[in-house]
Structure formats: C-alpha cells, structure tokens
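J.: My questions will all concern the structure given below.
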Amino acid sequence: MISNNTKNKINLGDIQGLSALLKKQNINTVCVSARCPNKGECFKKGTATFLILGDVCSRNCRFCSVKNSAVLMPPDPDESRRLAVFARKLGLRHIVVTSVTRDDLTDGGAGHFAATITAMRELNPTAVMEVLTPDFRFNRNALDMVLASRPEVFNHNVETVPRLYDTVRPQADYRRSLQVLAYIKEKNKDIVTKSGLMLGLGEERSEVEQVLKDLRAAGCDVVVLGQYFQPTRENIPVSRYLAVAEFKEYEGLARNLGFLSVAAGPYVRSSYLAGEIYQRLRKDYTDFRK
C-alpha cells in the first residue's frame with residue numbers, strides 16, 4: 001500500500017491524479033490489475049498497493065482478473081529502485097508490496113521481493129513494510145529470502161475453503177498455504193502474520209469456521225474476510241452475497257479464536273486499510289509479541 005503524507009506537495013486527492021502518476025512512473029498496482037472494488041475510495045485517499053514482477057501471472061485463479069500467460073517477461077531489475085524512490089517522494093508510512101505469482105522463476109520471485117523491501121528500507125527507514133506473497137510452492141529458501149529483508153507484516157491469503165480449491169484456484173494448495181504461514185511464524189515469532197478469505201463462492205459456514213481454526217493453529221495473527229465480487233464475465237460467478245450481520249458473526253468468531261486483529265465486511269480486502277489495521281493492532285496489543 002502506498003499512503004500519501006499530508007505534508008507532501010503532490011496532490012493525490014482524486015482518482016485521475018493518482019492514476020496518471022502511477023502510469024507515468026510505470027508502476028503497477030493490484031488495485032488496477034485485479035479490478036479492486038475499493039479502487040475509487042483508495043485512490044481518492046492517495047493509497048494503492050504495489051504490484052511487482054509484472055502484471056501477468058503464471059497461474060489462472062478463476063476469481064482473479066489479473067492477466068495470465070505461460071510466457072512471462074523477466075523481472076525488471078530497476079523496479080525496486082523506482083518503487084523506493086516513488087515511496088520516498090510521497091513520504092509513505094505504511095507500504096504494502098504484493099506480486100503476481102511467478103512459478104516460472106526458480107525462487108518464485110522471492111529475490112525480487114527481498115530486493116524491493118531492502119530498497120524501501122534504505123530510502124524509507126521509518127515506514128512499516130507489509131508483504132502479500134504467493135506461496136512460492138513452499139520453497140523454504142525463497143521464504144527465508146523474504147524474511148531476511150525484515151518486513152513487519154507477512155501476508156499470505158488462503159482465499160477460500162479447501163473444498164473449493166479445485167474450482168476457484170486449481171494451481172494452489174490449501175495445506176501448502178497453511179505451511180507457509182506456519183513456517184514464517186516458526187522462523188520469526190515477532191513478525192505479524194496475516195491471511196484472508198473471500199466469501200460468497202459457495203462455502204458453508206462450518207467450512208469457514210474450520211479455516212479460521214486452521215489459520216490460528218498455523219500461528220496466523222490477523223485475518224480479513226470480504227465479499228467476493230465477480231470482476232469480469234470470465235471469472236467465477238458469485239454464489240451468494242452475505243449480509244453485513246454474517247460478517248459481524250464471523251468477526252466475533254475469529255476474535256474468540258484468538259486472532260489479534262480481525263477485519264470483516266463486504267468491501268474488506270487483504271491490503272484495504274492495512275496501515276490502520278496494523279496501527280490499531282499495535283495500540284490494542286502492545287505486548288502481543290512477548
């Protein structure tokens with residue numbers, strides 16, 4: 001996520017302003033590539049989420065509108081520097097970096113993640129760094145690369161319940177995603193681990209409850225739950241729309257299971273209000289890392 005400092009001289013108070021600036025700097029965002037329903041709200045606030053390693057994915061998840069292909073461009077070696085410079089110019093306080101999945105790369109793009117975070121650290125030493133990564137096929141060396149760059153928050157989404165994986169994200173694996181989160185917490189107990197689910201894809205309540213239990217067992221600290229919206233006609237259709245009261249019930253359940261922070265609602269997404277969630281967590285749970 002990029003967040004505009006109010007002292008910054010650049011006015012990002014409208015969608016067109018931020019869109020033009022990002023395009024001029026040749027910077028991809030998940031907001032645009034994934035057709036996020038919050039794009040208008042976030043762009044008006046001067047926030048977005050960096051998307052690295054290009055805007056074409058090696059996987060073809062049916063819920064996602066990001067382009068996919070078997071033939072992908074090599075990583076841009078200058079991308080990390082450009083993003084770090086851009087972040088410094090805007091005085092960013094909380095930065096979320098995500099990526100397309102790059103199964104074509106030996107390390108899944110982990111080295112590029114690490115280079116980006118390192119560059120951010122050098123030019124934005126006081127900013128909170130949050131990463132939202134693919135599963136890297138549970139390549140431990142790849143995960144160690146990302147951890148070595150010292151992000152404060154490590155986010156990896158399970159996205160849906162295991163029964164729907166074959167339909168919704170056939171190239172992913174539910175247990176592998178849990179392994180990723182557990183490994184991160186095992187390697188660094190101080191890091192904030194985070195995950196998210198989309199609801200309305202055909203899951204049952206009992207299945208969501210089990211996923212929440214599985215996430216807590218894997219050491220996940222923060223969970224976000226949002227409504228799935230069909231981004232294009234080619235994507236999987238919505239099974240049903242949940243009432244706000246249902247999100248509140250899931251939020252209560254997650255809190256009772258011991259999650260340190262929970263965000264649940266129709267428009268909640270992994271990086272939506274990420275900075276606010278992190279700051280609230282620090283305020284409410286000042287000793288959660290002890």
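J.: Can you compute log10 of I(q)/I(0) for segment 170-290 with the Debye formula, treating each Cα as one identical point scatterer, at q = 0.17, 0.19 Å⁻¹?
T.: Each listed q corresponds, in turn, to -0.91, -1.12.
J.: Moving on. Neighbour counts of other C-beta atoms within 10 Å: give me Phe136, Phe113, Phe229 arranged from fewest to most.
T.: Starting with the residue having the fewest Cβ neighbours, the order is Phe229, Phe136, Phe113.
J.: Explain nothing, just compute: Karplus ³J(HN,Hα) = 6.51 cos²θ - 1.76 cosθ + 1.60, θ = phi - 60°, for every residue of segment 60-73 in order, whole Hz, x for Gly and Pro.
T.: 10, 6, 6, 8, 10, 9, 5, 4, 9, 6, 7, 10, 10, 6
J.: Where Lys and Arg each count +1 and Asp and Glu each count -1, what net charge lies around Ala70 among other residues with Cβ under 11 Å from its Cβ?
T.: Numbers: positive: Arg59; negative: Asp103, Asp104.
It works out to a net charge of -1.
J.: So what's the Cα pair-distance distribution over segment 203-253, bin width 10 Å, in %?
T.: 20, 47, 28, 4
J.: How much net charge surrounds Phe154 when only the other residues with a Cβ under 13 Å from the Cβ of Phe154 are counted, with Lys and Arg +1 and Asp and Glu -1?
T.: Value of the local net charge: -2.
J.: Here's something else I'd like to know. Quick one: net charge around Glu130, please, counting Lys, Arg +1 and Asp, Glu -1 for every other residue with C-beta under 9 Å from its C-beta.
T.: Details: positive: Lys194; negative: Glu152.
That sum, taken over residues with Cβ under 9 Å, equals 0.
J.: Determine, for each peptide in 53-62, 97-106, the mean count of other beta carbons within 10 angstrom over its residues, then list the peptides with the highest first. Each step should come with its number before you reach the end.
T.: Values: 53-62: 19.4, 97-106: 21.0.
Packing order, densest peptide first, comes out as 97-106, 53-62.
J.: Among Lys67/Lys248; Lys89/Lys248; Lys89/Lys185; Lys67/Lys185; Lys67/Lys89; Lys213/Lys248, which pairs are too far apart, with a Cα-Cα distance over 27 Å?
T.: Lys67/Lys248; Lys89/Lys248; Lys89/Lys185; Lys67/Lys185; Lys67/Lys89
J.: From the square roots a ≥ b ≥ c of the eigenvalues of the alpha-carbon gyration tensor of segment 124-190, which class results: rounded (a/c under 1.5), prolate (a/b over b/c), or oblate?
T.: On the way: a/c = 2.49, a/b = 1.95, b/c = 1.28.
Because a/c hits 1.5 or more and a/b exceeds b/c, segment 124-190 counts as prolate.
Read the figures in this text as sums done on the coordinates, not as results from a lab. None of these values were measured; they are calculated from a predicted model. A quick note on method: Cβ atoms are made from the backbone with ideal geometry, for glycine too, and the neighbour counts reach across all protein chains shown.
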